[in-house]
Amino acid sequence: MPRGAAVIRYEGARGVVWRVKYADVDGRQVKETVGREADGVTRKHAEAALRERLVKVETRGWRKPAPTTFRDYSETWLDRAETKRGWKPGTVTATRNRLGHLNNAFGQVAVAAIRPRDVAAFIDDQLATFSAKTVHIHLNLLHDVLKSAVADELIPANPVSGVERPKVKRNRWRILQPSEVPAVSEAFSDARARRVFLTFILTGLRRSELRALRWGHVNLVEGTLRVVESKSEEGERTIALPAVLVDELMAHYQASAYRSDSDYVFAHPTKGAALDAGWFRDRFLEALAVVGITDRIRLHDLRHAALTNLAATGASPIAVMATAGHRSMATTRQYVHLAGVVFRDDADALGRRLLGTPSVKDRTLGVPETGTKLPETA
């Protein structure tokens, strides 16, 4: 073992901590903390870590990095991520805003000096202001940035890994029932707001996707709508429109002063600007009040309602996934489960194959099925 390289057992107020000491290729002294014995780190782990560091020095000419603050590194990281990942402007803006919260806590701290205990303290501070879900979003970003720092050999391990995270309460969605949708639709006093509502509830578009929708994306002859501005590549999709929505959009097109391909579908009636989500939210809440619905329903719940009711019609999970523009089936599965979808044909096929039993439909002798009310929460 090179001169000066050693495993150090340090016993302090927080218990036993294992550290390693060695020199980089230029002979500069390096001292790193491997971890606490209370977290399962042993001398054996520290010795393995030291061997790994010495191999990097000998075979790759590793040098101790100059102190880099989190703020400086995060800016570099953001520039690289935007290029490598092909982020859209909206994603870059959202990420930069979230980095602002991280920089408030770690901006002046050297990346190499951030410890798990610092991350734990950050979580406690965040929970005083933000929900557990928002804190998770900030932690995911912090982990992503420091994961790159590990790859850049600025730090030996990611301090976010292994830190206990706050429990996120399960989202509760208020799903509009099939009987409620016509009543809410008729309660709108503004035709444009009613058509916005119908587009939400019959397509499952995200708010940002609906606001960005332009006439060049809508084909009223074929009855389709193309989403070209979404938060992911999977979100760029074509959605089939029901006939009732085609008729409503045709009437809206004929009444609108903005009808070129580049104009917004739900443009401001005099300015041509994109839909003001706050304006629609107010009209939507008014309509809910008219029909006596006092539950808290967010605009995003209209997307949940559209996809859950689509799943309840018997649409295949793949069809729901394609309509929603989901990245993974795991997300789509929430709607399939919430809709109470059961794969009856598959279950009957298994029974016939293994036991030769008749299907449920055969046993009911053609008795029509009754409608099932969708649950309101998930």
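For beta carbons closer than 7 Å, sequence separation of 6+ or different chains, a first residue in the range 107-126 that is farther than 15 Å from ARG36 by Cα and touching a residue at least 60 places away in the same chain (Cβ under 8 Å) and a second that is among the aliphatic types (A, V, I, L, M) and surrounded by fewer than 18 Cβ atoms within 10 Å (Cβ to Cβ), there are no qualifying pairs.
What are the residues in the range 73-99 that are within 19 Å of the chain's Cα centre (by Cα) and not hydrophobic (A, V, I, L, M, F, W, C), if any?
Of the residues in the range 73-99, the ones within 19 Å of the chain's Cα centre (by Cα) are 78, 81-82, 85-99.
Listed by number, the residues that qualify are GLU82, ARG85, GLY86, LYS88, PRO89, GLY90, THR91, THR93, THR95, ARG96, ASN97, ARG98.
Scanning the range 148-173 for residues that are crowded, with 17+ Cβ neighbours inside 10 Å and closer than 23 Å to TYR335 by Cβ turns up just one, TRP173.
Against the list (1) touching a helix residue (DSSP H, G or I) at 6+ places or on another chain (Cβ under 9 Å); (2) part of a helix (DSSP H, G or I), the condition ASP301 fails is (1). Based on this model, can you work out whether ASP263 counts as closer than 26 Å to VAL228 by Cα and at pLDDT below 95? No: the conditions fail for ASP263.
Against the numbered list (1) in contact with a Leu (Cβ under 9 Å, 6 or more places away or on another chain); (2) over 25 Å from ASN219 (Cβ atoms), HIS268 comes up short only at (2). Which one of these is assigned to a helix (DSSP H, G or I), free of Cβ contacts under 8 Å to residues at least 60 places away in the same chain and out of contact with any helix residue (DSSP H, G or I) (no Cβ under 6 Å at 6 or more places or on another chain): THR91, THR129, THR76? So the residue among THR91, THR129, THR76 that is assigned to a helix (DSSP H, G or I), free of Cβ contacts under 8 Å to residues at least 60 places away in the same chain and out of contact with any helix residue (DSSP H, G or I) (no Cβ under 6 Å at 6 or more places or on another chain) is THR76. Mind checking whether some residue in the range 188-203 is in contact with a strand residue (DSSP E or B) (Cβ under 7 Å, 6 or more places away or on another chain) and either crowded, with 19+ Cβ neighbours inside 10 Å or not hydrophobic (A, V, I, L, M, F, W, C) (or both)? Checking the range 188-203: at least one residue is in contact with a strand residue (DSSP E or B) (Cβ under 7 Å, 6 or more places away or on another chain) and either crowded, with 19+ Cβ neighbours inside 10 Å or not hydrophobic (A, V, I, L, M, F, W, C) (or both). Annotation note: Cβ proximity below 7 Å between a residue of the range 195-224 that is within 17 Å of ILE175 (Cα to Cα) and a residue that is of a type in the set (Ser, Thr, Tyr) (sequence gap 6+ or interchain) occurs for PHE197/SER185; LEU198/SER185; GLY204/THR323; LEU205/THR199. Among the residues examined, ASP295 qualifies as in a loop (DSSP other than H, G, I, E, B) and either surrounded by 15 or more Cβ atoms within 10 Å (Cβ to Cβ) or not aromatic (Phe, Trp, Tyr) (or both). Among the candidates TYR264, TYR253, TYR258, the residue that is buried (at least 18 other Cβ atoms within 10 Å of the Cβ), farther than 17 Å from LEU205 by Cβ and aromatic (Phe, Trp, Tyr) is uniquely TYR258. Considered as a group, the residues in the range 59-73 that are without any contact (Cβ under 8 Å) to a residue 24 or more places away in the chain and of a type outside the set (Val, Ile, Thr) include one that is surrounded by the most Cβ atoms within 10 Å (Cβ to Cβ), and that residue is ASP72. Evaluated against (1) modelled with pLDDT under 75; (2) among the aliphatic types (A, V, I, L, M); (3) loosely packed, with under 14 Cβ neighbours inside 10 Å, LEU338 falls short on exactly one condition, (3).
The values are calculated or read from the model by the stated rules, or taken from the named source; none is laboratory data. It should be emphasised that the depicted structure is a prediction, and the values quoted were computed from it without experimental measurement. All Cβ positions, glycine included, derive from the backbone under ideal geometry; neighbour counts span all protein chains shown.
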